[in-house]
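All of the numbers you see were taken from the coordinates with simple rules; none came from a lab. Treat the numbers as computed from the prediction; the structure is a model and nothing was measured. Neighbour counts are summed over all protein chains in view; Cβ atoms, including those assigned to glycine, are modelled from backbone coordinates with ideal geometry.
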Amino acid sequence: NSKVIQTPRYLVKGQGQKAKMRCIPEKGHPVVFWYQQNKNNEFKFLINFQNQEVLQQIDMTEKRFSAECPSNSPCSLEIQSSEAGDSALYLCASSLGVNTGQLYFGEGSKLTVL
Amino acid sequence: AQSVTQPDARVTVSEGASLQLRCKYSYSATPYLFWYVQYPRQGLQLLLKYYSGDPVVQGVNSFEAEFSKSNSSFHLQKASVHWSDSAVYFCALSWVNYNQGKLIFGQGTKLSIKP
C-alpha cells in the first residue's frame, strides 16, 4: 500500500479552470517528484523538489503549472488554466535522495478536463 | 539519448505458465534499472531493482529479472503466474549524477492471465 498520499483521487474541471492536487510524501523522504501519465501510458517528468527547493522542471511546468513543497505542509501541483491535453493521471513520488534511484509512488490524481 | 523500450504492448499467458516481459534500454554506462507494476486505478509499485553486482535480481511476489550489459536488456520473469498478476508492467531507467533522480519509463506491457 502506498505511503505517499495523494488527494484528490479524481477531479473534473472545465477548460480554463484551475486544478490543484496535493501530495504527502513518505515520512523522511526529502525528494518529491511529479509525473504526468497519459492514457497511452507515456510518462512525462514535470518537476522535482529537494526539501522545499525546486531541483528541475520542464518548460510546460514553468509556464502553466505551479508547484511547491512547503515545510510541514503537503506538496501541491496546480494547473493554472486547464486544457483538454492536461487530462491524465498525475503521480507524485518521493525518494530518500536524488541518487538512490528508487521512487515510491502514490496512487495518483486522475484529472479529466472537459 | 537514454531510452527504454518494451517491445510487447500486450502479453497473454495462461495461469500457472511461465512469463517473460522484455525490456531493452539505451544508456552508455551501467544504469539503475527497475520494474514497476501498476494495478487498475492504482499507482506504481516497485517489483525489483538493479544497481550493480549479481545480474539476477529477486523481487516481490516471486518475480525476478536478469540484467545483460551485452544485450542492453533487463527482462522480467516469473516461473508460474497467478490471475492476480494481471496488470501493466513498466521497465524504468535511472542513473547517478546529473539527472536529479528522474526515471525514464518504457511504454508498458499489459499482462493478461487466462484462466
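Length gained on full extension, residue B:12 to residue B:96: 26.7 nm, using 0.36 nm per residue less the C-alpha separation.
Residue A:11: net charge of surrounding residues, Cβ under 12 Å, Lys/Arg +1, Asp/Glu -1, itself excluded?
On the way: positive: A:9, A:13, A:18, A:20, A:22, A:110; negative: A:78, A:86.
Residues near residue A:11 contribute +4 overall.
Gyration tensor analysis over the Cα atoms of the stretch A:5-113 returns equivalent ellipsoid semi-axes of 22, 14, 13 Å (largest first, whole Å).
Express the relative contact order of chain B as a whole percentage, based on alpha carbon pairs under 8 Å and six or more residues apart in sequence. Intermediate results must be reported in sequence, preceding the final value.
Details: 282 pairs, mean separation 42.2, N = 115.
Worked out over chain B, it gives 37 percent.
When +1 charges are put on Lys and Arg Cβ atoms and -1 charges on Asp and Glu Cβ atoms, the dipole computed for the protein assembly as shown relative to its Cα centre reaches about 420 debye.
Holding the Cα-Cα limit at 22 Å, pick out from B:24/B:69; A:110/B:114; A:3/B:114; A:44/B:102; A:63/B:110 the pairs that are longer than that. Checking Cα-Cα distances, A:110/B:114; A:3/B:114; A:63/B:110 exceed 22 Å.
In Å³ and rounded to a whole number, note down the convex hull volume per residue for the Cα atoms of the protein assembly as shown. Each step should come with its number before you reach the end.
Numbers: hull volume 28.1 nm³, N = 229.
Taking the convex hull of the Cα positions in the protein assembly as shown, it is 123 Å³ per residue.
Once both labels are positioned 7 Å from their Cα atoms along Cα-to-Cβ, the gap between residue A:99 and residue A:81 label points is 4.3 nm.
Among A:91-99, B:8-16, B:73-81, sorting by the average number of other beta carbon atoms lying within 10 angstrom of each residue, highest first, gives A:91-99, B:73-81, B:8-16.
Using only atoms on other chains, find how many Cβ atoms lie within 10 Å of each Cβ of peptide A:90-101 and report the average.
On the way: counts 0, 3, 1, 4, 0, 2, 1, 1, 8, 8, 6, 16.
Average neighbour count from other chains, rounded to a whole number: 4.
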